Structure formats: structure tokens, C-alpha cells
Amino acid sequence: MRTINLKETNVYKRYSYAPTLYKKGMIIGYKRSLRHQNMSHVRIKIIEHINESEFKSFIGKRIFYFTIDKKTKNKKLKWGKIVSCHGKSGGFLAKFKQKIPPTLMASPVFITFLPCTKYTN
């Protein structure tokens, strides 16, 4: 696996600092109706303040969270995708392949800005 050196890329030349390649968010809850809830669709709130002009640009971005295996103590990444906006205060609906356990509510997620073609839903 090849690591990316930011000093060799054009990203580092454009900025005088290394830009962050992700934004932090938090899982709020499942997408639900009065009697049913879908455990693979979750509501996500971005912690940082974003403008309404940036709001639509997050649709289609990849999102991931960490899980730790209890037996082997290995970290695993679970990938998903932002599907739509939810409200006007920085909330989004995201879709994951696997169901998300209820113990992960209020846990951090990361929204990437890099194009990710390896992990697709």
C-alpha cells in the first residue's frame, strides 16, 4: 500500500498548511417513522458549522466509523455514504451496508473529501 506524501501533491502547494481531509460528525439516531426504524440508515450531525452553500456538496461523500474487535483487538472501518440532507442545521441521512448497533449512538464518524472508489455500496 502506497502512502501519500502531501508535500509532493498539488494540495500542499495550494495551501500554506496541510488541509484536513475529513470532517467530524456524530451519529444521532436511526431513520425512523412512527412504528418502524431502519437500522442501516442513520441521521448524522456535523459538529463543525457549515454554510448552506456547502450543505448540498456533502451528498454522495463517503463516511466511516471505527469498530474494535473484542477478540483480536483490531480496528475495523465500516464505510457508508451520505444520501440526503436532514433539516437545515447540519444534519444528514447516511446509508451503511451493515446494520449499526444501538451502542454506537453518539459515537464519532468521519466524512471524507477524497474520492473513494474502492468502497462502494
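Let me confirm something: among Arg32, Arg43, which residue is closer than 15 Å to Leu93 by Cβ and open to solvent by 80 Å² or more (accessible area, probe 1.4 Å)?
One residue alone meets the criteria, Arg32.
Name the pairs: first residue in region 38-59 and over 14 Å from Phe113 (Cα atoms) and of a type in the set (S, T, N, Q), second residue open to solvent by less than 90 Å² (accessible area, probe 1.4 Å) and assigned to a strand (DSSP E or B), Cβ to Cβ under 7 Å, at least 6 apart or on different chains?
Here the result reads Asn38/Tyr30; Ser40/Lys95; Ser40/Phe96, each pair linking region 38-59 to a residue that is open to solvent by less than 90 Å² (accessible area, probe 1.4 Å) and assigned to a strand (DSSP E or B).
Would you pick out the residues in region 74-113 that are touching a His at 6+ places or on another chain (Cβ under 9 Å) and open to solvent by 80 Å² or more (accessible area, probe 1.4 Å)?
Within region 74-113, Lys95 is the sole residue that qualifies.
The values are calculated or read from the model by the stated rules, or taken from the named source; none is laboratory data. Keep in mind that what you see is a predicted model, and the values were worked out from it rather than measured. Cβ atoms come from the backbone with ideal geometry, glycine included; neighbour counts cover every protein chain shown. The protein model used for the area step is the full one, side chains on, heavy atoms only, and it has no ligands, DNA or RNA in it. Shrake-Rupley method; radii C 1.70, N 1.55, O 1.52, S 1.80 Å.
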